[in-house]
1. Starting from the Cα of Ile5, step 7 Å along the direction of its Cβ; do the same at Ser81; then give the gap between the two resulting points in nm.
2. Run a plain Debye calculation on region 82-132 (Cα atoms as equal point scatterers, no solvent) and give log10 I(q)/I(0) at q = 0.13, 0.28, 0.33 Å⁻¹, rounded to two decimals, same order as the q list.
3. Longer than 23 Å from Cα to Cα, which of Lys77/Lys149; Lys77/Lys116; Lys35/Lys87; Lys91/Lys116 are they? Say none if no pair is.
4. When a/c reaches 1.5 or more, the comparison of a/b and b/c decides; with that in mind, is region 126-170 rounded, prolate or oblate per its Cα gyration tensor?
5. Pick out, from Ala163, Ile30, Asn137, the residue whose Cα sits farthest towards the positive end of the charge dipole of the chain, with +1 on the Cβ of Lys and Arg and -1 on the Cβ of Asp and Glu.
6. Quick one: plug the Kirkwood hydrodynamic radius of the chain (C-alpha pairs) into Stokes-Einstein at 20 °C, 1.002 mPa s, and report D in µm²/s.
7. Using r as the Cβ-Cβ distance of Asp42 and Ile157, and R0 as 35 Å, what FRET efficiency do you calculate, to the nearest 0.05?
8. Which order do the peptides 52-59, 169-176, 93-100 come out in when sorted by mean C-beta neighbours inside 10 angstrom, highest first?
Amino acid sequence: VIPNIDQWEEDGFLPREIFKRFGEMGFFGITQEEKYGGSNLDFWYDVIFIEEVSKSNSGGFGASISAHPYLSMSHLKHEGSDFLKDKYLPKAISGDWHGALAITEPHAGSDVANIKTTAKKDGDFYIINGSKCFITNGVSADYIIVACKTANGISMILVEGNAIGLSKNNLNKLGWKA
């Protein structure tokens, strides 16, 4: 990791290969169930992983590589249906796919109570309207867990990264770019 940090910061993202490599080493399945390819270890192994990631001295790398298992995958693990877990967790644990969590909005920040993004049921699907910003891994994510207002309150809905109508833009921002 360390020899590549400067290049990743210049590129503005982590290459897919680093997610795949971390998956192969078992880092994304530390506390995930064995039936999905995880190791089913306890929380303290996650603590050790996070401590080791921080030794890279790159906030961008740490945020990006950690957002996948601790933001997107944790929602799949705890709130996802069996169908979603079967479809996404094995590929997320292996690093073949990586995810993002979309909460932050241009006018609400991370204040979930004030988000404007809505999701309306349309048959077996939801039509989502809104904008999110500053989503770690959002541009490259294979799936995104999106916070939306629904008839039931605030819902977390999984959106495939190539969904029709989804647009992604890489912001040229200050600070961590990897």
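1. Modelled inter-label distance: 4.3 nm.
2. -0.49, -0.94, -1.08
3. Details: Lys77/Lys149 21 Å; Lys77/Lys116 26 Å; Lys35/Lys87 12 Å; Lys91/Lys116 31 Å.
Violating the 23 Å Cα-Cα cut-off are Lys77/Lys116; Lys91/Lys116.
4. Prolate is the answer for region 126-170, as a/c is 1.5 or above and a/b outweighs b/c.
5. Selected residue: Ala163.
6. Numbers: Rh = 16.8 Å.
It diffuses with D of about 127 µm²/s by this estimate.
7. On the way: r = 29 Å, r/R0 = 0.84.
Computed FRET efficiency for Asp42 and Ile157: 0.75.
8. 93-100, 52-59, 169-176
All of the numbers you see were taken from the coordinates with simple rules; none came from a lab. These numbers were taken from a predicted model, which means no experiment stands behind them. Every residue, glycine as well, gets a Cβ built from its backbone with ideal geometry; the counts of neighbours run over all protein chains shown.
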